[in-house]
Every structure is written in structure tokens, then in C-alpha cells.
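Read the figures in this text as sums done on the coordinates, not as results from a lab. Since the model is a prediction, treat every value here as computed from it, not as a measurement. Cβ sites come from the backbone with ideal geometry, for glycine too, and all protein chains shown count toward neighbours.
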Amino acid sequence: MVLRSSCWPPKQFKMPKQIHEIKDFLLTARRKDARSAKIKRSKDVVKFKVRCAKYLYTLCVFDYEKADKLKQSLPPGLSVQEV
């Protein structure tokens, strides 16, 4: 017996999209549907994550000086949280 509902096929969770260029990441962060940003620092890499309406976009930066400059150039209206 197969039950059918109004939400068939079931919703799939979408994987985050990785951005490889800093310029593309800044354009994504300036979009109208960008809600928040998280910065996660580890020993080797700094990860920037921007939540937009459909996807979570990530950027991995391996240079700490570039990461500090990128943090300063994020839009002021975007809520930034350091994790």
C-alpha cells in the first residue's frame, strides 16, 4: 500500500553551494535575499557562510589577512556572527 500526499515527491535537502572566488562571494552577500553571515575560524582555514533564500553559500579562505579584509568588506546591513 502506497500513501500519496500533497507533497509528493518528498522534499530533498539541498547541499550548500561553495563559491571559489572572493568577488563572487561579495556579490552574493550583497544580494537582497541574503539574511545572515557566519564566520568560522579554525587552525587552517576561515570559512564564510552566507544564508540566502534558497541556498547556504560558503567560501573557504586560507589566508588570515585576506579573511580580515573580507570581514571588513561585508555589507553593514548583514548580521554577522562569529562561530
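Structure data summary
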quantity: Inter-residue pairs, beta-carbon under 8 Å, first closer than 21 Å to Arg31 by Cβ and in the range 57-83, second among the hydroxyl-bearing types (Ser, Thr, Tyr), 6+ apart; calculated: Tyr57/Thr28; Leu78/Ser36; Ser79/Ser36; Val80/Ser36; Gln81/Ser36
quantity: Count of residues meeting criterion [among the charged types (D, E, K, R) and within 13 Å of Lys49 (Cβ to Cβ)] in the range 67-81; calculated: 1
